[in-house]
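The values are calculated or read from the model by the stated rules, or taken from the named source; none is laboratory data. Small disclaimer: the values here were computed from a predicted structure and weren't measured. Here the Cβ positions follow ideal geometry from the backbone for every residue, glycine too, while neighbour counts run over all protein chains shown. Only protein heavy atoms, including side chains, enter the accessible area calculation; ligands, DNA and RNA are left aside. Shrake-Rupley method; radii C 1.70, N 1.55, O 1.52, S 1.80 Å.
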Amino acid sequence: MARVVAKSVSKTTSRARASATVAARFAYPTSERISRTRSEETLEQCVLRSLEKYFADLDGSRPHALLEMVTTAVERPLLHFAMTKCDGNQCAASLLLGINRNTLRKKLQQYRLL
């Protein structure tokens, strides 16, 4: 019984250590302090600028499925970036993104990144 408990504690400690290592390696600032580009434009400002341009280009036409369009435009390159940063390691990429590994795998298949 003691051996089983020791193995369980060892596994949990190893997972926690791996998770902490990945988290430390890819520590990013919060959304309020997102790193800025050379022009000092935040990610939020870039999205808003792009949306303003999109609506200006519509020239009065009604937009369709705006949330889906923006989500796809942001999510696909984000997933690609995370997988590249983690050298293709899905477990590390899921920790970086803060999502479950199975969710990451589903999204990678959805965007044909596998």
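When C86, C46 are compared by accessible surface with a 1.4 Å probe, the order from highest to lowest is C46, C86.
Most tightly packed first, judged by the mean number of other beta-carbon atoms within 10 Å of their residues, the peptides 102-110, 88-96, 64-72 read 88-96, 102-110, 64-72.
Sorting Y54, Y111 by accessible area puts them as Y54, Y111; the probe is 1.4 Å, largest comes first, and only protein heavy atoms count. Solvent exposure of segment 51-94 amounts to 73 Å² per residue of accessible area, where only protein heavy atoms count and the probe is 1.4 Å.
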